[in-house]
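Participant: Have a look at the structure that comes next, please.
The values are calculated or read from the model by the stated rules, or taken from the named source; none is laboratory data. From a predicted model like this one, the values you see are computed outputs, not experimental measurements. Backbone-built Cβ (ideal geometry, glycine too); neighbour counts: all protein chains shown. Accessible surface areas use protein heavy atoms only, side chains included; no ligands, DNA or RNA. Shrake-Rupley method; radii C 1.70, N 1.55, O 1.52, S 1.80 Å.
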Amino acid sequence: MRFAHRHLLGIEHLSQSDITAILDLAEKYVDLNRQSAKHSDVLAGLTQINMFFENSTRTQASFELAGKRLGADVMNMAMQASSIKKGETLIDTAMTLNAMHPDLLVVRHPHSGAVDLLAQKVNCAVLNAGDGRHEHPTQALLDALTIRRAKGRLHRLNVAICGDVAHSRVARSNLILLGKMENRIRLIGPPTLVPAQFAEFGAEIYDDMTEGLRDVDVVMMLRLQKERMDGGFIPSEREYYHRYGLDAAKLALAKPDAIVMHPGPMNRGVEIDGTLADDINRSVIQEQVEMGVAVRMAAMELLARNLKEEA
Amino acid sequence: MTNLIFTNARLIDPEAGSDALGWLHVADGRILASGDGPAPEADAQVIDCGGQCLAPGIVDIGVKVCEPGERHKESYKSAGLAAAAGGVTTMVTRPDTLPAIDTPETLEFVTRRAQADTPVNVLTMAALTKGRDGREMTEIGFLMDAGAVAFTDCDHVVTDTKVFSRALTYARACGALVIAHPQDPGLSHGAAATSGKFAALRGLPAVSPMAERMGLDRDIALLEMTGAAYHADQITTARALPALERAKRNGLDITAGTSIHHLTLNELDVADYRTFFKVKPPLRSEDDRKAVIEAVRSGLIDTISSMHTPQDEESKRLPFEEAASGAVALETLLPAALRLYHADQLDLPTLFRAMTLNPAKRLGLDCGRLSAGAPADLVLFDPDVPFVLDRFTLKSKSQNTPFDGQRMQGKVAATYVAGKEIFRRS
């Protein structure tokens, strides 16, 4: 199957069949990653640069591991510590990197649209590892894979996305992906964090969590983004936990086999009860991390195939 | 001296509201007479307009020329050439330079530069508060003596209502016009887009269109208190219009403008974070755009301006949130306005009323009309000629136009200031 995209900038640009293709290929890598010899050579000879303009441990590690398992030469650049501080613009940084002939560029940036901008200026394939509040496509794909494996399908599910939707690129990408795959989506949170405009995406909006969780198949919790809170979205963390934190009592309203997801890192006791997060019967949070590596391997392989065709 | 007769011209007269073939006689830099039928015999140079439109030259309130401070973005010379090519015969320049034009000395420097380098009329506005920082009013009296035609802090809102009310009161005593940017500064802080589905999808920090109405409501209350003469620089949302309408009906000395970009573009034009479409206030929804066009048609919104704001490539080649706001528009104002004419939304006399007559009236100028005695500031244009805009052909030093690569219709053929031809398209 041909993946008709040069970059992976967002879920917005993908079709149903694109999404299915990535997930199907990722399944193979899940198997590979569970073997003792976890190596493939599909990216052999290619150079992958991870450029993170914003702190990240998990996503960066996941991309790094994905690239290494596929045989790419992987380099990490911690951009928040380097040239930006010296006043270099994003475009100059991109041009500098471009001159080093990378094949795959993995970029995270604190501003929405920055990765799109960078992709216009470089000759390689760009993967968006999160831009501002805009998109985080590989997170949505790994969530989709996790749901598909747990529920046996990725359509006609009731999915609740709970918490800080306004500041979350994870929520946007998931909303778009799950919408494209024909699921019913509910957004749950205080109205300061779940703006009414999201109803226009076809989601149902609830500010009462007990109502919103009723009979859902999937409960996706979001991290309360304390670093993006420039003032007064919620009165306090304890009140937030009381009203919108996921605990066993609230989860009891969902379907009995509903799964609990969280993109991490978690604020235990703020948006999710610690015991619940560790409950292997309900929580698929560890599985999400595992799927992350596989999905990123799949996405990079599909983009690399196009690079080879071009060459 | 100049003695011209324009014949076979489609005269666009915003005062009479007429659009008809006729002739126009110019002598000694002023309009002598006009009419239909055969042109009078006179000892004058005859210019056959071949049926093209002849209208008053545009009076553009709110042009940013980047002197002093950022001459690399736009100088008086480049702005003057752009204005001439765009049919703008009077530029009313903004004081949001570096430093701000807030003393008579700076104003005199700017006036000197403008006179030396520009073929069009230049009138200057001065800051309302020192440094445009909203704390102390400027020397409004001295600045008026030095030639300031209006006082504005541009896109800075004077947040302290006591400071603003005193400045308005003092301005009223001086007979000065105050131009303000109606916006609630708290609500709009950090915003790069208008809140709605598009901003939510793109993940851009957004402001509710209500912020404009809140700013306008506050300013209207202060006008009731002070009785000052006030002009809102840009009204861009439907929600602000009823308040404006009420204020006018109640007899306050209030007028309002809008920008050509808010009349011809909407938020969706930003598409994939195209920073040339980042303006202040941000582009609005299509519903707002339509409401603003209707308000121009009815006369509720008085003026249309280019809000010409040059930005160099470096300030625009950034992620959308970080990129500078503003677009150049001196040369695209007329072709963009003609989009509304070709779309049957506004007729030519209405467009020119908002681009020439009303701004001239608001500033107490005698230009902007075709009546006998008015200065012969004129623009001759073909409203129909199609072209694709190439931004690198613009005469501005900065070429940050949102219309790059777009199909447009209507080109200026010649521009006259005081009867003197200052531009002719070759």
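Participant: Does the range B:76-87 contain at least one residue that is closer than 23 Å to B:Lys316 by Cβ, outside any helix (DSSP H, G or I) and modelled with pLDDT of 95 or more?
Facilitator: The answer is no; no qualifying residue exists.
Participant: Additional query: Scan the range B:368-378 and tell me whether some residue there is surrounded by fewer than 23 Cβ atoms within 10 Å (Cβ to Cβ), in contact with a helix residue (DSSP H, G or I) (Cβ under 9 Å, 6 or more places away or on another chain) and of a type outside the set (Gly, Ala, Ser).
Facilitator: Within the range B:368-378, not a single residue is surrounded by fewer than 23 Cβ atoms within 10 Å (Cβ to Cβ), in contact with a helix residue (DSSP H, G or I) (Cβ under 9 Å, 6 or more places away or on another chain) and of a type outside the set (Gly, Ala, Ser).
Participant: Inside the range B:189-200, can you point out the residues that are facing another protein chain (nearest Cβ under 7 Å) and of a type in the set (A, V, I, L, M, F, W, C)?
Facilitator: Scanning the range B:189-200 gives a single hit, B:Ala200.
Participant: Kindly check whether there is at least one residue in the range B:193-207 that is small (Gly, Ala, Ser), touching a residue at least 40 places away in the same chain (Cβ under 8 Å) and part of a strand (DSSP E or B).
Facilitator: Initial filter on the range B:193-207 (small (Gly, Ala, Ser)): B:193, B:195-196, B:199-200, B:203, B:206.
Okay, now just the ones that are also touching a residue at least 40 places away in the same chain (Cβ under 8 Å), so B:193, B:196, B:199, B:206.
Checking which are part of a strand (DSSP E or B) leaves us with B:193, B:206.
Checking the range B:193-207: at least one residue is small (Gly, Ala, Ser), touching a residue at least 40 places away in the same chain (Cβ under 8 Å) and part of a strand (DSSP E or B).
Participant: Please go through (1) under 30 Å from A:Phe233 (Cβ atoms); (2) crowded, with 19+ Cβ neighbours inside 10 Å for B:Leu128 and return the number of the only condition it doesn't satisfy.
Facilitator: (1) is the only condition that B:Leu128 fails.
Participant: Are there any strands (runs of 3 or more DSSP E) wholly within the range A:137-211 with 2 or more residues that are of a type outside the set (D, E, K, R) and within 16 Å of the chain's Cα centre (by Cα), and if so which?
Facilitator: Answer list for the range A:137-211: A:158-162.
Participant: Also, quick follow-up: Being in a loop (DSSP other than H, G, I, E, B) and surrounded by fewer than 24 Cβ atoms within 10 Å (Cβ to Cβ) is the filter here, so list the residues in the range B:327-345 that pass it.
Facilitator: Once the filter is applied, which keeps residues that are in a loop (DSSP other than H, G, I, E, B) and surrounded by fewer than 24 Cβ atoms within 10 Å (Cβ to Cβ), the range B:327-345 yields B:Ala343, B:Asp344, B:Gln345.
Participant: What pairs come out if I take residues in the range A:131-148 that are within 14 Å of another protein chain (Cβ to nearest Cβ) and pair them with residues that are among the hydroxyl-bearing types (Ser, Thr, Tyr) and open to solvent by less than 10 Å² (accessible area, probe 1.4 Å) whose C-beta lies under 6 Å away, six or more apart or interchain?
Facilitator: Filtered contacts from the range A:131-148: A:Asp131/A:Ser112; A:Gly132/A:Ser112; A:Arg133/A:Ser112; A:His134/A:Ser112; A:Glu135/A:Ser173; A:His136/A:Ser173; A:Pro137/A:Ser173; A:Ala140/A:Ser173.
Participant: Something else: What are the residues in the range B:23-41 that are surrounded by 20 or more Cβ atoms within 10 Å (Cβ to Cβ) and without any contact (Cβ under 8 Å) to a residue 40 or more places away in the chain, if any?
Facilitator: B:Trp23, B:His25, B:Ala39
Participant: Has the range B:42-52 got at least one residue that is under 24 Å from the mean Cα position of the chain (by Cα) and buried (at least 23 other Cβ atoms within 10 Å of the Cβ)? Outline the logic, then answer.
Facilitator: At the first step, the residues of the range B:42-52 found to be under 24 Å from the mean Cα position of the chain (by Cα) are B:52.
If we keep only those that are buried (at least 23 other Cβ atoms within 10 Å of the Cβ) as well, we get none.
Within the range B:42-52, not a single residue is under 24 Å from the mean Cα position of the chain (by Cα) and buried (at least 23 other Cβ atoms within 10 Å of the Cβ).
Participant: Do we find a residue being over 26 Å from A:His167 (Cβ atoms), open to solvent by 10 Å² or more (accessible area, probe 1.4 Å), within 14 Å of chain B (Cβ to nearest Cβ) and among the charged types (D, E, K, R) anywhere in the range A:87-108?
Facilitator: There is at least one residue in the range A:87-108 that is over 26 Å from A:His167 (Cβ atoms), open to solvent by 10 Å² or more (accessible area, probe 1.4 Å), within 14 Å of chain B (Cβ to nearest Cβ) and among the charged types (D, E, K, R).
Participant: Sort through A:Gln80, A:Gln120 and tell me the only one that's part of a helix (DSSP H, G or I) and within 14 Å of chain B (Cβ to nearest Cβ).
Facilitator: None of the other options fit; the residue is A:Gln120.
Participant: Would a scan of the range A:222-230 turn up a residue that is within 22 Å of B:Ala193 (Cβ to Cβ), surrounded by fewer than 19 Cβ atoms within 10 Å (Cβ to Cβ), among the basic types (Lys, Arg) and within 12 Å of another protein chain (Cβ to nearest Cβ)?
Facilitator: yes
Participant: Another question, then. Quick check, is B:Val163 more than 30 Å from B:Ala418 (Cα to Cα), modelled with pLDDT of 95 or more and touching a Pro at 6+ places or on another chain (Cβ under 6 Å)?
Facilitator: no
Participant: Still on this model: So, of the residues in the range B:53-75 that are small (Gly, Ala, Ser) and assigned to a loop (DSSP other than H, G, I, E, B), which turns out to be surrounded by the fewest Cβ atoms within 10 Å (Cβ to Cβ)?
Facilitator: Among residues in the range B:53-75 that are small (Gly, Ala, Ser) and assigned to a loop (DSSP other than H, G, I, E, B), the one surrounded by the fewest Cβ atoms within 10 Å (Cβ to Cβ) is B:Gly69.
Participant: Let me ask something else about it. Return yes or no: is B:Phe151 surrounded by 24 or more Cβ atoms within 10 Å (Cβ to Cβ), away from every other protein chain (no Cβ under 14 Å), outside any strand (DSSP E or B) and aromatic (Phe, Trp, Tyr)?
Facilitator: No.
Participant: Residues being under 30 Å from B:Arg362 (Cα atoms) and of a type in the set (Gly, Ala, Ser): count how many of those fall in the range B:187-202.
Facilitator: Looking only at that region, the number is 1.
Participant: Determine the pairs where a residue that is more than 9 Å from chain B (Cβ to nearest Cβ), located within the range A:160-172, has a partner that is among the hydroxyl-bearing types (Ser, Thr, Tyr) and crowded, with 24+ Cβ neighbours inside 10 Å with Cβ atoms under 8 Å apart, the partner being 6 or more residues away or on another chain.
Facilitator: Taking only residues 6 or more apart or on different chains, the pairs are A:Cys162/A:Tyr244; A:Gly163/A:Tyr244.
Participant: Are any residues in the range A:274-298 modelled with pLDDT under 95, open to solvent by less than 40 Å² (accessible area, probe 1.4 Å) and farther than 15 Å from A:Met220 by Cβ, and if so, which ones?
Facilitator: If the condition is that a residue be modelled with pLDDT under 95, open to solvent by less than 40 Å² (accessible area, probe 1.4 Å) and farther than 15 Å from A:Met220 by Cβ, then A:Gly274 is the only one that fits.
Participant: Oh, and also: Looking at this structure, is A:Asp143 touching a strand residue (DSSP E or B) at 6+ places or on another chain (Cβ under 8 Å), charged (D, E, K, R) and either crowded, with 24+ Cβ neighbours inside 10 Å or farther than 15 Å from A:Met51 by Cβ (or both)?
Facilitator: yes
Participant: Sort through A:Met95, A:Met100 and tell me the only one that's outside any helix (DSSP H, G or I) and touching a residue at least 12 places away in the same chain (Cβ under 8 Å).
Facilitator: Only one candidate passes the filter, namely A:Met100.
Participant: With the requirement that a residue be without any contact (Cβ under 8 Å) to a residue 40 or more places away in the chain and not β-branched (Val, Ile, Thr), what does the range B:240-265 give you?
Facilitator: B:Pro242, B:Ala243, B:Arg246, B:Ala247, B:Arg249, B:Asn250, B:Gly251, B:Leu252, B:Asp253, B:His262
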